[in-house]
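What follows draws every value from the coordinates through simple rules; no lab data is involved. Owing to the predicted nature of the structure, the values given are computational and were not obtained by experimental measurement. As a convention, Cβ positions derive from the backbone with ideal geometry for all residues, glycine included, and neighbour counts pool all protein chains shown.
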């Protein structure tokens, strides 16, 4: 594929390590809060401050933090350049971490000053990361670079829209300056963030990472990557305008188009489920397969929304399956390869002959990785099975929490070793 890490495109640990550390700590924090958030969830209080805090800690603290760290290493490797500014990356990481902490705590405690401060810090920090990635992405390059460029650029645009609207909504809580327009801003905020940023990024990056990590054939050439980009754009626009203008038929059309784009991607990458020898099975493979299955379930749910969407439990179910199933399993799967790759090359690349230097395959404790995967997904699948019927979910939330803590602890060990 003509893509490899070199001394010139390897980003130092000090620049991107904080993104990964903060993301893992945020997910561990979410794990601690999950059993407590199960109480208002069971009561149908889906806009409870604790639930909103958990959602934003998952989306920003976990998802965006790991994504920004990964992007600022992947862009130099894929596009054959060096990172635009290592110090800008480091400054952005710390600003982002502080901003998310303020925002989430302000949301949980309903402290408008902290909420606004956190939103503005997140806005500035994300801006630094966007500058870094865009300035790093050289024109032309390998087929992989050409394939993922429209996905990455689109995702970065939607991330900028998301944080701008998020800051506007945070200020609105204190000043009520949006008036009735807050509903349109909220619809665009959720569509741009959950679909525009995450779906565009995860699907696009997966087209590169799946063959790069051997989950699909090395010479894998997708058939539908361009239609997927176009359909995602169309679906996001319909979701945002339909939700903001009170046109449910347009919003549903957007959900169907987005769901179709996800299903098209899953068909394009179906080789992920090809039989593999037992010795080649790795937690990453299972995480990614599970992510694809959760994604298919969310897509089916989005299509069925007109019949089930009036039920608040179903909407909450879609959110759980999307955030903690599709998104979190994709992040955990890829992170089990990205993090040891990044840390090993920074710490041990030129010390392979020294005693005590771990091999690449031993950077992550595989037994702990399997345990975390099993506990987390057993809890999540159980929760998704009983939640629509109003049954108690606390036990399953505890199981999820234990799995998430094992997984994050194992990956933090990789980062700190």
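Assorted remarks:
- Computed lengthening from residue 245 to residue 182, 0.36 nm per intervening residue step minus Cα-Cα distance: 21.5 nm
- A Förster radius of 25 Å, combined with the Cβ-Cβ distance separating residue 253 from residue 316, puts the computed FRET efficiency at roughly 0.65.
- The ranking of 218, 153 by Cβ neighbour count inside 10 Å, starting from the fewest, reads 218, 153.
- Simple spin-label estimate for residue 417 and residue 46 gives 4.2 nm between the two label positions (7 Å along the Cα-to-Cβ direction from each Cα).
- The chain: C-alpha gyration tensor shape, a/c 1.5 cut-off, then a/b vs b/c: rounded
- With contacts taken as Cα pairs under 8 Å and at least 6 residues apart, the chain reaches a relative contact order of 16 percent.
- Cα-based helix-to-principal-axis angle, 13-42 vs the chain, degrees rounded to 10: 40
- For the pair the range 265-312 and the range 1-53, the centres of their Cα atoms are 21 angstrom apart.
- Cα gyration tensor shape of the range 23-159, rounded if a/c is under 1.5, else prolate or oblate by comparing a/b with b/c: prolate
- Between the range 321-363 and the range 173-222, the Cα center-to-center distance that results, in Å: 24
- Residue order for 366, 354, fewest other beta carbons within 10 angstrom first, comes to 354, 366.
- Secondary-structure-derived ellipticity at 222 nm for the chain, considering helices only, amounts to -24000 deg cm²/dmol, per-run term -39500 (n - 2.57) for DSSP H runs with n ≥ 4.
- The long axis of helix 328-347 is offset from the longest Cα principal axis of the chain by roughly 30 degrees.
- Linear extension gain, residue 368 paired with residue 134, 0.36 nm per residue minus alpha-carbon span: 80.6 nm
- Pairs of alpha carbons in the range 143-273 whose separation is greater than 19 Å (percent): 52
- Ellipsoid fit via the Cα gyration tensor, the range 374-417: semi-axes of 27, 8, 6 Å, each the root of five times an eigenvalue, largest first.
- Additional length obtainable on full extension of the chain from residue 274 to residue 389, 0.36 nm per residue less Cα span: 37.9 nm
- Residue of 179, 325, 395 that the Gaussian network model of the chain assigns the largest fluctuation, springs spanning Cα pairs under 10 Å: 179
- For the chain, a Gaussian network of Cα nodes joined below 10 Å ranks 312, 82, 17 by mean-square fluctuation, and the top entry is 312.
- Gaussian network model of the chain, Cα within-10 Å springs - most flexible of 356, 309, 367: 356
- In percent, rounded to a whole number, the relative contact order of the range 7-138 is 31, using alpha-carbon pairs under 8 Å and six or more apart.
- Axis angle, to the nearest 10 degrees, between helix 65-79 and the longest C-alpha principal axis of the chain: 50 degrees.
- For the range 1-42, the alpha-carbon coordinates run over 51, 27, 9 Å along the three principal axes, in decreasing order.
- Listed peptides 49-56, 240-247, 159-166 by packing density, highest first (mean Cβ within 10 Å): 159-166, 49-56, 240-247
- Pairwise label distance in nanometres, residue 263 with residue 308, each label 7 Å out on the Cα-Cβ vector: 1.4
- Label point distance in nm, residue 124-residue 378, each placed 7 Å from Cα along Cα→Cβ: 4.6
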